[in-house]
Amino acid sequence: MSVRLLDVTLRDGGYVNDHNFSDNEAHSIVNGLGKANIEYAELGYYRPSQIDSSGRFRQGPAVSDSEYLAGFIDAGTSPKLVVMVHLDRVTLKEYKMLSDFNISLVRVIVKPETPENFDVVRKHIEAIKDWGMLCSVNLIRVSEIPLDSIVSYGKKSEAFGADFFYIADSNGSLFPSQVYATVRELSENLSIQIGFHAHDGLSLAFANSVAAIDAGVHILDSTLGGMGKGGGNLRTELIATYLNWGKGSTYNLSQLAQITQEYISKWLTFNSINKCKNVLSSIMNLNIDKIQAIEETAKEANLPSLNLMEKLLTNEVEAVNFQRKIRLDETIFRAKKSLI
């Protein structure tokens with residue numbers, strides 16, 4: 001089975017523009033992905049109950065309500081339609097609506113810090129499957145988890161009926177050798193399909209994805225122009241080019257370039273300070289909660305957050321009293337240096 005692509009621009013790209021894709025833009029992007037032969041397109045988060053009074057979450061890709069999903073109902077089979085869910089924001093009965101709108105795959109988020117809730121994951125997998133859809137368990141922040149625990153999550157997901165088991169480098173801190181070892185171990189222990197979601201904080205999303213391919217991954221996430229949280233994502237155009245060149249895929253690269261230019265380029269901005277902060281957060285294996293704590297601490301200390309992150313990298317934290325806000329694992333630095 002050749003490696004397939006799942007474009008997540010409408011969801012992960014929402015971290016860049018606050019999910020501010022118009023319905024017309026979203027429909028045009030998905031239509032363009034289909035013309036480019038991309039196998040899967042993620043429409044956004046499915047949050048049927050999360051619409052706040054400010055209207056922030058009324059944007060289509062942020063909630064994937066019925067009005068938004070109705071616009072994709074004629075998409076047919078190319079690409080297959082996907083949504084992602086937080087388990088605490090959807091009830092088991094609410095999956096029915098997704099099946100009514102031709103959703104093929106539902107991806108459920110599993111956080112490493114809540115292993116005791118895996119029985120809840122099982123119930124959601126069963127509900128999704130009961131409505132005739134495929135299910136993927138997406139384990140996030142895998143850079144914070146020992147390899148044997150990752151494999152354990154995968155085995156449980158398979159036992160509960162998941163069709164895919166995804167590992168997400170949410171912090172953008174993994175190196176190719178780590179990705180290869182993890183995917184290889186999963187491929188030797190699981191029979192379900194394995195996916196990989198890369199972030200580009202260290203400019204390693206492409207190298208890590210190639211390592212995942214070499215190790216036996218079945219499906220990769222990517223975004224148009226690399227638009228996404230933090231340092232961005234694996235670029236759909238880049239990985240599609242590689243797969244055409246080396247793996248016999250037939251993606252339409254001109255089509256991908258065209259929809260990126262027309263609908264995504266306005267969001268692709270370069271800020272050197274933010275770019276440097278993304279590099280630092282990735283090398284220190286910081287998740288989004290820790291990054292937020294750093295921003296808050298820096299503000300209280302009247303210190304630019306980039307300066308605080310630089311001090312953290314060299315363990316100069318006393319002057320800003322960082323430890324009362326959040327604790328860093330001191331082994332992070334030693335572990336990273338051993339890989340370089």
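Laid out as a table, the results:
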{"item": "Residue of 219, 125, 145 that the Gaussian network model of the chain assigns the largest fluctuation, springs spanning Cα pairs under 10 Å", "result": "145"}
{"item": "Computed lengthening from residue 67 to residue 119, 0.36 nm per intervening residue step minus Cα-Cα distance", "result": "15.5 nm"}
{"item": "250, 223, 91, reordered so the largest accessible area comes first (probe 1.4 Å)", "result": "250, 91, 223"}
{"item": "Heavy atoms of residue 33: accessible area, 1.4 Å probe, square angstrom to 10", "result": "0 Å²"}
{"item": "Rounded FRET efficiency, nearest 0.05, which uses the C-beta distance separating residue 295 from residue 2 and R0 of 51 Å", "result": "0.75"}
{"item": "C-alpha long axis of helix 176-189 to longest principal axis of the chain, angle in °", "result": "50 degrees"}
{"item": "Gain upon complete extension [residue 272, residue 257; 0.36 nm per residue less C-alpha separation]", "result": "3.0 nm"}
{"item": "Cut-off 17 Å, label 7 Å out along Cα→Cβ of residue 18, residues of the range 249-269 by amide N", "result": "267-269"}
{"item": "Charge dipole magnitude, Cβ of K and R +1, D and E -1 - the chain, Cα centre, debye nearest 20", "result": "320 debye"}
{"item": "Between helix 147-159 and the chain: long-axis angle, C-alpha atoms, 0 to 90°, nearest 10", "result": "20 degrees"}
{"item": "Spatially proximal lysines relative to residue 299 (Cα-Cα < 20 Å; intrachain offsets below 8 disregarded)", "result": "275, 277, 290, 311, 325"}
{"item": "Separation of the residue 100 and residue 247 label points, Cα + 7 Å toward Cβ, nm", "result": "3.6 nm"}
{"item": "Whole-number accessible area per residue in Å² for the chain, which is evaluated in the context of all protein chains at 1.4 Å", "result": "44 Å²"}
{"item": "163, 88, reordered so the largest accessible area comes first (probe 1.4 Å)", "result": "88, 163"}
{"item": "GNM result for the chain, Cα springs below 10 Å: residue of 300, 144, 126 fluctuating most strongly", "result": "300"}
{"item": "Two-site FRET efficiency, residue 149 against residue 87, from Cβ-Cβ distance with R₀ of 30 Å, rounded to 0.05", "result": "0.95"}
{"item": "Mean Cα-pair separation over length for the range 159-269, i.e. relative contact order, pairs under 8 Å, 6 or more apart, %", "result": "22 percent"}
{"item": "Centre separation in Å (Cα based) which lies between the range 223-300 and the range 91-136", "result": "27 Å"}
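The values are calculated or read from the model by the stated rules, or taken from the named source; none is laboratory data. Predicted, not measured: the structure shown is a model, and the values here were computed from it. All Cβ positions, glycine included, derive from the backbone under ideal geometry; neighbour counts span all protein chains shown. Just the protein is used for accessible areas: all its heavy atoms, side chains included, with ligands, DNA and RNA removed. Shrake-Rupley method; radii C 1.70, N 1.55, O 1.52, S 1.80 Å.
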